[in-house]
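A.B. asks: My questions will all concern the structure given below.
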Amino acid sequence: MAFHSYKGGTGKTSLVVNLGALFAKQGANVCLLDYDFRAPSLNVLFKAKPQYWLNDYLEGKCEIVDTLVDQSARFKLPGKLWVGFSNPSLEALKDIMGKDRKWEVKALTKTLAGKKEIIKDKQVDYLIYDTSPGAQYSSINALAGADLVSLVMKADEFDLEGTKELSKGVYEALGRKSGIVLNKIPLEQIAAGGGAESFGKQIESDVGLPLVGLIPCMCELMAMGGKAIYTIEKPDHTFSKSIGQIAEKLKKM
Amino acid sequence: MSSKADAAIIDLLRKLNRNVEIVSRKLERLIEVERSAGGHALRPSVSVPENMPLDVTTLLGLPDHLRKSALALASLGEATATDLSKETSRVRAVESDYLNQLVAMSLVKKKRKGRDVYFYIES
């Protein structure tokens with residue numbers, strides 16, 4: 001599955017990490033891939049220094065499984081939690097921005113081949129891509145590799161319009177199953193709209209995709225961003241419970 | 001007319017009849033393919049600018065039926081029309097037609113290996 005959004009700052013990375021950790025906690029084998037090559041962030045949370053980056057795989061310098069680092073022992077998870085990181089160095093960011101369309105063809109075929117290799121070699125139950133916002137090449141490559149796309153959005157008008165465009169122009173065109181995760185919902189907005197469910201139904205009808213989850217805005221989460229995995233460290237927290245509900249819905253899609 | 005000449009004419013008519021049956025079966029097959037493709041199979045190719053690589057931007061600009069084939073081929077790497085038809089759940093003749101449309105658009109290449117024709121995306 002892939003987590004994508006029209007704009008940045010919608011909380012994709014946080015969702016990906018917490019969801020992946022929850023699946024591994026439930027005993028599943030999970031692989032997270034940081035496909036946000038323009039603003040890598042999984043390396044910050046996992047404090048990783050891998051031997052190979054995903055960038056190296058796309059350049060043909062290694063196999064995709066060589067990029068994966070198992071994090072399950074560190075977090076005492078019963079299932080495996082493999083993570084593939086993208087290179088955060090300025091040199092790597094410049095390199096990615098200078099790629100031509102021919103390189104992107106190779107990146108697409110390598111993304112699709114890499115998915116098969118990971119599933120076969122690591123026996124993963126869930127492969128989750130964290131993507132760059134908007135219509136970036138790397139993001140759409142990841143969406144092409146996913147069977148299920150979760151669109152993460154905040155509840156403002158700009159997000160809504162852009163999300164509608166993405167839904168029609170990309171998700172529908174690629175024929176991928178998709179759903180919306182509405183994140184960082186201000187409590188006042190929920191109250192004014194007659195409750196979270198009613199608000200969610202409105203968004204569902206506006207965007208034309210089913211709602212997968214609703215997560216209220218929590219200042220505490222923003223302050224802790226990148227420092228903690230709530231589904232492991234605070235399983236009873238409202239955020240962890242919301243992730244649990246999203247996980248159950250995704251399993252049924 | 002001698003009985004030998006009669007036999008030759010009858011033999012010729014039988015051959016003609018067999019050929020007509022073959023042509024008829026092929027026409028029926030074409031009609032079936034066209035129907036199952038929702039009217040796309042016999043349409044002229046979609047034109048794309050020359051030397052366009054088959055990246056996601058080009059993919060998103062393709063009509064749905066060709067995009068499905070191209071995406072499946074990108075996933076398989078190298079495949080025959082039969083391999084593709086298993087991936088897309090469409091009949092082989094339809095996949096073959098779509099792949100050849102993609103070849104005509106220079107988005108996909110093909111090569112022969114023994115009796116099989118393999119399609120692939122050059123990257």
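A.B. asks: With a Förster radius of 56 Å, plug the Cβ-Cβ distance of A:K201 and B:K15 into 1/(1 + (r/R0)^6) and report the FRET value to the nearest 0.05.
C.D. replies: FRET efficiency, A:K201 to B:K15: 0.20.
A.B. asks: Who wins for biggest fluctuation among A:E104, A:E197, A:E188 in a Gaussian network model of chain A, springs between alpha carbons below 10 Å?
C.D. replies: Judging by the Gaussian network model, the answer is A:E188.
A.B. asks: Mean residue ellipticity at 222 nm from the helices of chain A, using -39,500 (n - 2.57) per DSSP H segment of n ≥ 4 over the full residue count, to the nearest 500 deg cm²/dmol?
C.D. replies: Values: 12 runs with 116 residues, N = 253.
For chain A, the value works out to -13500 deg cm²/dmol.
A.B. asks: Hey, what angle do you get for helix A:196-207 against the long axis of chain A, alpha-carbon based, 0 to 90 degrees rounded to 10?
C.D. replies: The angle comes out near 60 degrees.
A.B. asks: Then there's this: Angle, helix A:12-25 long axis vs. longest principal axis of chain A, Cα atoms, 0 to 90°, nearest 10?
C.D. replies: Taking Cα atoms only, the helix is inclined about 80 degrees.
A.B. asks: Oh, and also: Sequence-distant or interchain residues sharing an amide H contact under 5 Å with A:K177, placed H: which?
C.D. replies: So A:K177 has HN proximity to A:V149.
A.B. asks: Per-residue mean of other chain beta-carbon atoms within 10 angstrom of the beta-carbon, peptide A:106-113?
C.D. replies: 5
A.B. asks: To make sure I understand the rule: partners must be lysines, Cα under 16 Å from the Cα of A:K110, and not fewer than 8 residues away in the same chain. Which ones qualify?
C.D. replies: In chain and number order, the partners are A:K61, A:K99, A:K102, A:K120.
A.B. asks: A further question follows. Would you grab the residues whose amide H sits under 5 Å from the one on A:D125? Only those 5+ places off in sequence or on another chain, please, with H modelled 1.01 Å from N.
C.D. replies: Result for A:D125 returns A:N29, A:V30.
A.B. asks: Classify the protein assembly as shown as rounded, prolate or oblate, taking a ≥ b ≥ c as the square roots of the eigenvalues of its Cα gyration tensor: rounded when a/c is under 1.5, otherwise prolate if a/b is larger than b/c and oblate if not.
C.D. replies: It comes out prolate by the Cα gyration axes.
A.B. asks: When chain A is treated as a GNM, springs tying every alpha-carbon pair under 10 Å, which of A:V149, A:V83, A:V207 comes out with the largest mean-square fluctuation?
C.D. replies: So, out of A:V149, A:V83, A:V207, the one fluctuating most is A:V207.
A.B. asks: Taking only Cα atoms, what is the 0 to 90° angle, nearest 10, from helix A:238-252's long axis to the longest principal axis of chain A?
C.D. replies: That helix lies at roughly 70 degrees to the long axis.
A.B. asks: Still on this structure, I have one more. Given points 7 Å out from each Cα along the Cα-Cβ axis, report the A:K76 to B:D64 separation in nanometres with one decimal.
C.D. replies: Simple spin-label model gives 5.1 nm for this pair.
A.B. asks: Tell me, how many Å apart are the Cα centres for the stretch A:1-25 and for the stretch B:58-123?
C.D. replies: One Cα centre to the other: 33 Å.
A short reminder: the numbers here are calculations on the coordinates, not readings from a lab. Since the model is a prediction, treat every value here as computed from it, not as a measurement. Neighbour counts run over all protein chains shown; Cβ positions are idealised from the backbone, glycine included.
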